[in-house]
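First the structure, in the form of structure tokens, and then the observations on it.
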Amino acid sequence: MADLHPVKEETFNTAERVNTDPKGFLRNVDTFRVTDFGLYMARGADHPRFGYLESWLLPGLGLRANIFHFREGVEERQDFYIDIAEISVGDQVWTTRDLYVDLISVRGEPITVMDIDELAAATSAGLITADDAERAIDATLNAVEGITRHGDDPMEWLRSQGIDLTWADTSEVRLVPAG
């Protein structure tokens, strides 16, 4: 069983161009873009495994879709890492509460659902409410069904929902040094 931890919360301040990560660190953001369906963020990351992060917050679906730009030598098989999340939209500050479940996508392969055990443990321990857990399960099932019905391609499924996500040109992404 996974380690039990409180809900990870983040803020995205579009006016100040800052992302406050779950550990409370302020991260300068290169790009914020607000659309009618969500918020795009791109920023450097001094993480040992990846040096750049792109995220789309999609409140209507309860999803945060991510691309981690991994460092040379880090082997990860994923095109997209999708967090199941509660997302609150403010005028200039968006917030997320990560609801434990994650989806790992490699285009053309069945979606992998991770950390259902964490969701159950967090619910049992009172870290989230039964309503939170139900929302997480509903968002997970909706995403898995939609992605599966669209050839295991989350971007194709999202386009069918009127959500056309755009990402950085990988040739223009500059990784931030680790540490």
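Here the Gaussian network model covers the chain, with springs between Cα atoms less than 10 Å apart; of Val29, Val74, Val18, Val74 fluctuates the most.
Placing a pseudo-label 7 Å from each Cα along the Cα-to-Cβ vector at Asp152 and Ser124 gives an inter-label distance of 3.2 nm. Label-to-label distance for Ala178 and Val34 is 3.7 nm, based on points extended 7 Å past Cα in the beta-carbon direction. Computed over protein heavy atoms with a 1.4 Å probe, the accessible surface of the chain works out to 53 Å² per residue. The phi-based Karplus calculation (6.51 cos²θ - 1.76 cosθ + 1.60; θ = phi - 60°) puts the 3J(HN,Hα) values of the stretch 133-144 at 4, 5, 4, 5, 5, 4, 5, 5, 4, 4, 5, 4 Hz, whole numbers, x for Gly and Pro.
Taking amide H as placed 1.01 Å from N in the peptide plane, the amide H of Asp153 sits under 5 Å from that of Gly108, each at least 5 places away or on another chain. Charging the Cβ of each Asp and Glu at -1 and of each Lys and Arg at +1, and nothing else, the dipole of the chain about its Cα centre rounds to 420 debye.
The orientation-averaged projection of the convex hull spanning the C-alpha atoms of the stretch 125-179 amounts to 7.2 square nanometres. The fraction of accessible area contributed by carbon and sulfur in the chain is 49 percent, rounded to a whole number (1.4 Å probe; ligands and nucleic acids excluded). Pairs of alpha carbons in the stretch 1-59 separated by more than 16 Å make up 49% of all such pairs.
Let me test this: with uniform point scatterers at the alpha carbons of the stretch 1-152, what is the Debye-based log₁₀ I(q)/I(0) at q = 0.14, 0.17, 0.18 1/Å? Here the Debye-derived log intensity ratios amount to -0.72, -1.07, -1.20. Which of Ala130, Ala45, Ala65 moves the most in a Gaussian network model of the chain with Cα springs under 10 Å? Largest GNM mean-square fluctuation: Ala130. Remark on the stretch 35-98: Rg and Dmax equal 12.8, 40 Å (Cα only). Full extension of the chain segment joining Trp167 with Asn142 gains 6.7 nm, where the gain is 0.36 nm per residue of separation less the Cα-Cα distance.
For the stretch 21-36, putting each phi into the Karplus relation 6.51 cos²θ - 1.76 cosθ + 1.60 with θ = phi - 60° gives couplings of 6, x, 8, x, 7, 7, 10, 5, 9, 6, 9, 10, 9, 9, 10, 5 Hz, in residue order, rounded to whole numbers and with x for Gly and Pro.
Label sites at Glu9 and Asp131, each approximated as a point 7 angstrom past Cα along Cα to Cβ, lie 1.6 nm apart.
The values are calculated or read from the model by the stated rules, or taken from the named source; none is laboratory data. All figures in this text were calculated on a predicted structure; none of them were measured in a lab. Neighbour counts run over all protein chains shown; Cβ positions are idealised from the backbone, glycine included. Areas reflect the complete protein model, heavy atoms only, side chains present, ligands, DNA and RNA absent. Shrake-Rupley method; radii C 1.70, N 1.55, O 1.52, S 1.80 Å.
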